[in-house]
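What follows draws every value from the coordinates through simple rules; no lab data is involved. From a predicted model like this one, the values you see are computed outputs, not experimental measurements. Note: ideal-geometry Cβ built from the backbone for every residue, glycine included; neighbour counts use all protein chains shown.
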Amino acid sequence: MTRTAELPVEGVLPPLDGATTWLNSAPLTPEGLRGRVVAVQFCTFSCINWLRTVPYVTAWAEDYGPGLVVVGAHSPEFPFEHDPENVRPALAAMGIGYPVAVDNDFAIWRAFDNAYWPALYVVDAQGRVRYHHFGEEAYERSERVIRQLLAEAGKDVDPDLVHVEADGVYLAADWPRMGSPETYVGYARATGFASPGGLALDRSRVYPEPARLRLNQWSLSGAWTVGGQAIVLDEPGGRIVHRFRARDVNLVMGGRADGGPVRFRVTLDGEPPRARRGLDVDEDGSGIAREERLHQLIRQDGAIRERTVEITFADAGARAYVFTFG
């Protein structure tokens, strides 16, 4: 096994008793975890940056257990991510069976002095934090740290690193060609809004579309109420339009507040996406939003250039939070 550089001690595993509930496990404690290597990862289930780490972290949990205990700390970004009955099926659908602390009060987040989704902290068998990584990537480096700490604890380690073939929403971003940042549509963090007259805060307004959009601008059409974190469509037929440059376009959104579905249709430069469709739309661009989550709208192959994506909603009640890209 190739040994990583000597790992400094960065602190100790803090208490985990701030969780509001636990999924897949009884509550865990630093004392109960002593003797095993622990990987704590902060997550929130609609975050594309975290989703792209899932195949690697779940592979570590499967391949290196029981010497390694992976612990998810689900610290929610959006209101719908606070409900354990939303979190539970979302994680189960991803095949996540390791313990997850539902950190609705951000108590564990603060105990680690964390500031990022995703964030990974690796703790040795003596309960000392020996490594951290913020964001995506660095999978091989992180795995080698886990292997080194397992070896230090006297655990047998397979000679080979885990093999991961990520696809779908889990596929790594095309970083070299991506030219669009995440774009929040709630007014608390909105950037790039281009409809004439600007955003009307917390009240319904009929928005006109601008004559054109520049790269990384977006607009609304129709009657919408723009809140701090989400926008809600008040009448059928409203649209969201975004000018972007990326392989993938994702939108965190959902159907009506009462759980009812909302039909939508996606176009790319005014045409059905066909082979460029994402996982959540048909070739003609049709889709249905129900539960609030990340929806993959566009996935392109080949040349990447500036394009315009348009989402038209056939039903009122659609809720949207943030565009992300890959």
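Numbers at a glance
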quantity	calculated
Binned Cα-Cα distance frequencies in the stretch 139-245 - 10 Å width, integer %	12, 30, 18, 15, 14, 10, 2
Fraction of antiparallel bridges per DSSP, the chain only, in percent to nearest 5	80 percent
Listed residues 170, 149, 127: farthest to the positive end of the dipole of the stretch 97-184 (Cβ charges)	127
Radius 11 Å from Cβ of residue 326, net charge of other residues (Lys, Arg +1; Asp, Glu -1)	0
Full-stretch length increase - residue 164, residue 209 - with 0.36 nm per residue and alpha-carbon distance subtracted	11.9 nm
Sequence ranges 320-326, 90-96, ranked by mean other-Cβ count within 10 angstrom, highest first	320-326, 90-96
If the convex hull is drawn through the Cα atoms of the stretch 175-325, its volume per residue in Å³	95 Å³
Residue-averaged [θ]222 nm for the chain, counting only DSSP H segments that reach four residues, each worth -39500 (n - 2.57)	-4000 deg cm²/dmol
Residue 9-residue 140 FRET efficiency (beta carbon distance; Förster radius 22 Å; 0.05 resolution)	0.45
Sparse-neighbour loop sites [trypsin sites (Lys or Arg not before Pro); the stretch 197-236; at most 10 other C-beta within 10 Å; DSSP]	203, 212, 214
Packing rank of 237-244, 192-199, where each peptide gets the mean count of other beta carbons within 10 Å, highest leading	237-244, 192-199
Crossing angle, helix 54-64 versus the chain [Cα axis fit, 0-90 degrees, rounded to tens]	20 degrees
Square roots of 5 times each gyration tensor eigenvalue, C-alpha, the stretch 11-170, largest first, Å	23, 19, 14
The chain: angle of helix 139-152 to the longest principal axis, Cα-based, in degrees nearest 10	20 degrees
Computed label-point distance, nm, for sites residue 92 and residue 201 using a 7 Å Cα→Cβ extension	4.1 nm
Spin-label model distance (nm) - residue 63 vs residue 155, 7 Å beyond Cα toward Cβ	1.3 nm
Environment charge of residue 229, counting only residues whose C-beta is closer than 14 Å and scoring Lys/Arg +1, Asp/Glu -1	-3
Local net charge near residue 128, Cβ-Cβ under 12 Å (Lys/Arg +1, Asp/Glu -1)	-1
